[in-house]
Each structure stands twice: as structure tokens, then as C-alpha cells.
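Worksheet: one structure, shown below.
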Amino acid sequence: MFDTLSNRLQGAFQKLRGKGRLSEDDVKEAMREIRRALLEADVHYSVAKDFVDRIRERAIGQEILQSLSAAQQVVKIVNDELVELMGQSQAKLNRSSKSPTVVLMVGLQGAGKTTMSAKLARHLMLTEHRRPLLVAADVYRPAAIDQLQALGKQIGVSVFAPGTSVSPQEIARTALDEARRGGYDYVIIDTAGRLHVDESLMAELTEIDQITSADEILLVIDAMTGQDAVTVADHFHQQLKLTGVVLTKLDGDTRGGAALSVRHVTGCPVKFVGVGEKLDALEPFYPDRMASRILGMGDVLTLIEKAQASIDEQQVMQLEAKIRKNEFTFDDFLAQLQQIQKMGPLNQILGLLPGIGKIKQLQNESVDDRQLKKVEAIILSMSKEERIKPELISKSSSRRLRIASGSGTHVRDVNQLLRQFEDMRKLMKQLSGMGKSMKGLGGPGGGLGGLGGLPGSMKGGPGAFAGGFGKRGKKRR
Amino acid sequence: MGLFDKLKLGLAKTRRAFSDRVEMVLRRRRIDEDVFEELEDALLSADVGLDTTGFLLDRLTKEARREKLETADQLIPVLRREIHAIVAARTDSVKSVSDSMTSLYYDQNGLTVVLVVGVNGVGKTTTIGKLAYALKQEGKRVMVAAGDTFRAAAIEQLSVWADRAGVDIIKQTTGSDAAAVIFDAIEAAKARRADVLLCDTAGRLQNKAHLMDELEKIYRVIAREVPGAPHETLLVLDATTGQNAIIQAKLFQDVAKVTGIVLTKLDGTAKGGVVIAIGKELKIPVKWVGLGERLEDLQPFSADDFATALFDSLS
């Protein structure tokens, strides 16, 4: 359904080859594509319009840099502008000079306020070494208080919950006393979800703000929100003077254009994003990554970080040496497989790669972690000797049969893996002849280029994984 | 207040926001490129989505030429007709199998099982509470199964709703196997001769393979225990959701054969245009709309009312 902006622009600029400068007509078509990308990402249509106008001004008359194609160059301008719009650097949580700091969590129903409150509390406690107090002020939704209490218990944070018979205003007031008495330095108030057009409930929030003089009022917004994000954010901001935004459910496959709309309307920075149901699934907000995501350009930075966090550099070095000497065995392959799996679900990893969305659609592949498991099982069913000398298996049908039954697969699966392994070895031989190109994840031309072949190879085994992830050349952007 | 009025009230904001723009765009102007561009904006701002918007505009262009329309406001009835055609086609297609105003398919001879699915925070549990109440008002014997064993206090939440609606609930503790809970609930529903069993499930993002696998398992268990079940799989969609709603519908349809959509939170300013996009691309009917937090705030979706309400102020 979604094509990447870079691919589309590439098409729009085909006829441009050889020109040194972008003309107005060239730019016009490109702008249509940019607008399309933004709208598909749920950026508000008027925000998209303003944005495109600004880009147009910047793009017309631009010299085409030697190193970049016209399409790449426009994408770069768009990307820069997006990052700027979303706030250059990441913003931290406010802190009051006078303890406790009061954080008010507000938003529509189902945005994820209660879960996010617990995640923030956990973050404050573990990474900033604070003593947070969670406050259950949602007296309307059935079992909302139970939910916050259960979460508090999981993370070991106290929950102040006087119950549903007390007004939220009163709960907020007494929570402050409780925090001072108990020596808590952060008070996180979980309020009930409400519609921005519900006047009495919005007034309730204003009162809680006045009572607690909150230092931070965070609008919790679902990353999947559509065009209405602008209206919602605007109403909340008008009434409450928001200080920040938290984006939830960003682990879905939404492009999250709501982030841009909300930022545009409120001018408030996005401070955190929620990326999963577990309570440690909280990340700081990176404007540059969000920009790539909205444009459908993948999120290479996150991928590199994931790779760096889960891959053992020494192992990579050894592997590189082996590949050079053409000694790559099934044991090495297995080790690599396991490293890949440590990076997280394959789907998620692929989602971070530029252009993959499109390839997946084209081939209608379901990228499945079980395929990896299957390959792993086959290798584990080989003897030590067989793993080093795969030709033993190719020569003997009884070995193949044994491996197939040992791994619960079919002989054809074993054959397929053997074939792919052989192809991979050949490819490696060629690549290692090219020297430097093997050096890890350096840039799109290096390791990532190798990964580009990944979805196609998923039917049988992760052949293209052999590219290897290195640590060198990481911060290239 | 009648059902129709209530739906209209809930849609009033939708209608106003949408129609105001359409009206502004179309009144007494000659049909030119600008008109279409602005009309495009109006549809996009209602979350109709690019593809469906493109489709509608193509149709408009053709009709305008064929009927030799001159001023822009003549386009309104055409646009309404087109949208109605997309939305109504879907609801008509399921009329043959429903036996009541709630447009839910019932097994006449035994237990009807309804599976309720969706991403996190769309209002599945609340919808089940309201649905249980509505079906009970129709005289059905209703039971609910607390299949969200993941989220903290989801079971307690459903218990409160079951209490309010006055129906039995089958539950285990948080962390137990969801398919096992549903299995038990089916056994209990058979033993107690219930007419309808409503099965809650944990919210899951459609791109999480393992969670979708779990849902598939739940589906299999239901299909094995009751022939022909689940008779309905209702996908709950939040009306504020943008284009991601279409992917949600697609992927949930793949795993759990969605038979209908419940569009929740339509009482806000969200325009619900995603309904049109889903109708066009997936042909899944919208069966109910959620218009508030009270027991009775769930209403059957009516294509007629929807299309009419959307353009009320224009004609």
C-alpha cells in the first residue's frame, strides 16, 4: 500500500537526468509525491500543504550536488525540514526546583495513559534514580485503578489510590500531601480518558492543574491517530497549556504522521514514545528517526543501534577472517542466525530497512521468524563434522534423510538449505575479493546493501544474512 | 430519543465538520480544477484516504461530464450518491443473514459465538459490555468470556461491564491461556444453554506475528468446539484512527475472518471517513457504532443514516 517516497521521487525525476538545476516544473511533480507521502502517513492535510510550500521554495533553483541524485537531494531537503519541524533535539522531562515534580497525563480514551504512566514511573526510578508516586485519578473507567495498581506492583512503585468515591480533584490534592509526607520527588497523575469536546471533563483537568500546579502536562496520543489529531491536540492545548507530548503504540506499522500534526499545532516537543506492551518499552523521541519513518524511508539508525547492541564485535571479526579464507561453516552460520534473532522479531527489523515495505508487498512474502527456527533446527541436526564439511551431506542421501527427520523438516528443506549455503559461500568468496566492502553496516552500500536481498531469500533460509554486521562506520548519515 | 436521532446526534459533529467544508468549497462556483483540489482536501481531512478519495473524484469527474454539470454545488448529490453506494453495498450484503435490528448473525439452533478483536485501546471491552446489554434487551441469554488475560485489570473491567449488563462472565486469572479461557466459556455457555457468547480478546497490534498466532489459535478452538462458529468476528476500530485502520482490517481479516466492524468513539470530532475507505477496499460491513461511555451508547450502523447525516446540511 505504501511506497517509499524516495522510490516515487526517483520516478518523478527520471527525465531529469543530466540537468544541473531543478526547474519549477520538475519540482512541481516532486511536490505532489511528497504531499502524497505525508498524507499516507496521516499528517494533517493543511500541515502537509504548508510543508510542501516551504519545500518548494527551498527546492527550486537548487544546484544538484555531484554526489546526490535529484531525488535524493529533494528527500534530503524534506527530511531536514521535517526534523526541524519536529524539534531538533530530544526534550527531557521537566523537573521542578521544588519537590515533588508533578506530571499530569492527559488524553483521549484508549490512548494508553495508564500504561504510559507506569512506564514513565519505571523510567524515572531506574534510569534517573528518582522516587515516583503514581496517582490513580481515573475514577470513571471500570477497573482503571486496579490496572494502575497492578502495574505499580509489577515495577515496584507506590500507587496512591483513594478509590472511585473520591473526586479526581480531591485525589490530586491529597496525593501531593502524600508525596511530601513520603518523600517522593515525582508525582505522576493518571487521569481518565476524555473527549476534547467534553466541557465538564476538560474543566476537571484544568482544576487538577490549578490544584497541583503541574510542572509537566503530557498529552498522550496514539501514533495511529488520523486527521483528527490536530483538533484533539488543539483543544487540549487551548485548555491546559500542554508542555509535552507522548506518542504511544509506535511499535505498530503506522507511519505516525500524527506526531508532526501535534507538534505543528501545539509547538510542544514529543518527549517519549511507547514501543510495546511491556513496561520497559519506552524510548526517548528522536526527530530524525521519526522523519524517516513518516517519509517511509525506514529507520536505519535504529537498526544500526539494534545491531550494535546485540552483536559481538569480536565474533564479527573472526567471521570476517573466516569469510576471507573461505572457511565459513554451518557453525558460523548458526552463530549468525542466533545473533540476528537476538535483535528482535524479524518483521520489526525488516520494517526498519528502507524500501523493504515495498519489496514485501511485491513478493507477498510473510516474513516469519519460524523460518529462521527451521533453518536453525536443520543445522542443529547435523553432526559436528557435517557442519564443517557440508559436502558430506550433499553426497549422502541417508545423511539428508537423518537430518530432515531429526529437525522435523523434509529432505527438500535440507537440500534447499545446502544449495543456499553453497551459493552464499560463492558470493562471499567474490565479496571478500573486493576487500573493504565486507566491513559491516557502514552504509547503504556496505552491509545493508547485502541485507537488501533478505526478503527474497526468506523462503528457505537467511542466505543474505552473511553480509555480517560490523561496528565500524556507524554514525554515517 | 430514538435510535435514529441518537445516531444523528452522534454524527452531528462529523456532519458539520465535513459538510461545512464541502459546502464552502462547492457553493455556486464553476467546476474547475481548483474545486476538485479543494474537494480532495475535504475528503482527505475526513480520513477517507488517498486511494478512495482519488476513486471518488474520478467518479465525480466522469459524472460531471456525463450529466453536463456546470456549478460545483451540483456535485454534492453525486458525491453523496457515490459514498452511499460504497457504504450501502456492504450493509445490504449482510442483511440476508441477520434476523434483527442489531444485524448480528445468529445460529438459530444453538449457541452463537461472537469473537471481538482489535488493536490496543480501541474499546473492545467496553463494546462487549454495551453489546451484551443490547442483546439482553432483545431477550437473548448472553454470556461473556474474559479472553484478555494479558492487560492488567482487563478481567476486572469486563466483570464490571458484565455486572452492569446483568450477564454471566467466565473468567480466569491474568496470565492464563486465552484460548483455554474461551474453551471453558464455550463449555459453560453450552451447559447453561446460553444464546450468545461474546468473547473478549487482548488488544494486539496487527504486525505482531506471535500475538496474531495466538488469535488464530483462539479462532481454531472456537471453530472446533462449535460447528459454524465463530458466527461473527467483530473488529473494533477507533474512529480517530487514520490510514492504519485499513491495514488493521486487512490483517485481522486474514487471521480471524472478520465479518463486521464496530466503529467506536464516533462521538468526538473524528470524522469516520475511514469507514468509506474500508468499505471500498475490503467490503467489510460496519455493524455498530460507539457513541459514548454509557451502556446504551452502542447503535447499529445504518448506511442510509450515515450517508444522509454526512450531507444533511448540503441539500
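Please give the number of the condition A:LYS153 fails out of (1) within 14 Å of chain B (Cβ to nearest Cβ); (2) open to solvent by 10 Å² or more (accessible area, probe 1.4 Å); (3) within 30 Å of A:ASP234 (Cα to Cα); (4) free of Cβ contacts under 8 Å to residues at least 40 places away in the same chain. Here A:LYS153 meets the rest and fails (3). Any idea how many residues of the range A:115-138 are closer than 14 Å to A:PHE160 by Cβ and either without any contact (Cβ under 8 Å) to a residue 60 or more places away in the chain or of a type in the set (Val, Ile, Thr) (or both)? Total satisfying the criteria: 7.
Candidates in the range A:251-273 are the residues that are under 21 Å from A:LEU124 (Cα atoms) and buried (at least 24 other Cβ atoms within 10 Å of the Cβ); of these, the one that is nearest to the other protein chains (Cβ to nearest Cβ) is A:VAL273. For beta carbons closer than 6 Å, sequence separation of 6+ or different chains, a first residue in the range B:173-201 that is within 14 Å of another protein chain (Cβ to nearest Cβ) and a second that is at pLDDT below 95 and open to solvent by 70 Å² or more (accessible area, probe 1.4 Å), there are no qualifying pairs. Among the residues of the range A:156-179, just one is part of a helix (DSSP H, G or I), in contact with a helix residue (DSSP H, G or I) (Cβ under 7 Å, 6 or more places away or on another chain) and open to solvent by 50 Å² or more (accessible area, probe 1.4 Å), namely A:ARG173. Of all residues in the range A:182-202, exactly one satisfies the criterion of being of a type in the set (Val, Ile, Thr) and open to solvent by 10 Å² or more (accessible area, probe 1.4 Å), namely A:VAL197. Considering the range A:203-230, and only residues there that are among the aliphatic types (A, V, I, L, M) and closer than 21 Å to A:LYS98 by Cβ, the residue that is surrounded by the fewest Cβ atoms within 10 Å (Cβ to Cβ) turns out to be A:ILE211.
Quick check on A:VAL273: is it under 10 Å from the mean Cα position of the chain (by Cα), more than 16 Å from A:ALA41 (Cα to Cα) and of a type in the set (A, V, I, L, M, F, W, C)? Taking the combined requirement at face value, the residue satisfies it.
The C-beta contact set for the range B:43-67 (first residue within 25 Å of A:ARG255 (Cα to Cα) and within 9 Å of chain A (Cβ to nearest Cβ), second residue of a type in the set (Gly, Ala, Ser) and part of a loop (DSSP other than H, G, I, E, B), distance under 7 angstrom, 6+ apart or interchain) comprises B:ALA46/B:GLY273; B:ASP47/A:GLY226; B:ASP47/B:GLY242; B:ASP47/B:GLY273. Determine whether the range A:118-135 contains at least one residue that is over 21 Å from B:ARG294 (Cα atoms) and within 11 Å of chain B (Cβ to nearest Cβ). Checked the range A:118-135: at least one residue is over 21 Å from B:ARG294 (Cα atoms) and within 11 Å of chain B (Cβ to nearest Cβ). Is it the case, given these coordinates, that B:ASP107 is over 17 Å from the mean Cα position of the chain (by Cα), modelled with pLDDT of 85 or more and among the acidic types (Asp, Glu)? For B:ASP107, the condition - over 17 Å from the mean Cα position of the chain (by Cα), modelled with pLDDT of 85 or more and among the acidic types (Asp, Glu) - is not met.
Within the range B:176-186, one or more residues are at pLDDT below 95 and among the polar types (S, T, N, Q). For the range B:143-158, filtering for residues that are in contact with a strand residue (DSSP E or B) (Cβ under 6 Å, 6 or more places away or on another chain) and either surrounded by fewer than 24 Cβ atoms within 10 Å (Cβ to Cβ) or farther than 30 Å from B:LYS250 by Cβ (or both) leaves 1.
Taking the numbered list (1) in contact (Cβ under 8 Å) with a residue 24 or more places away in the chain; (2) away from chain A (no Cβ under 14 Å) in turn, B:ARG224 passes all entries but (1).
The values are calculated or read from the model by the stated rules, or taken from the named source; none is laboratory data. It should be emphasised that the depicted structure is a prediction, and the values quoted were computed from it without experimental measurement. As a convention, Cβ positions derive from the backbone with ideal geometry for all residues, glycine included, and neighbour counts pool all protein chains shown. Calculation scope for accessible area: heavy atoms of the full protein, side chains included, ligands and nucleic acids excluded. Shrake-Rupley method; radii C 1.70, N 1.55, O 1.52, S 1.80 Å.
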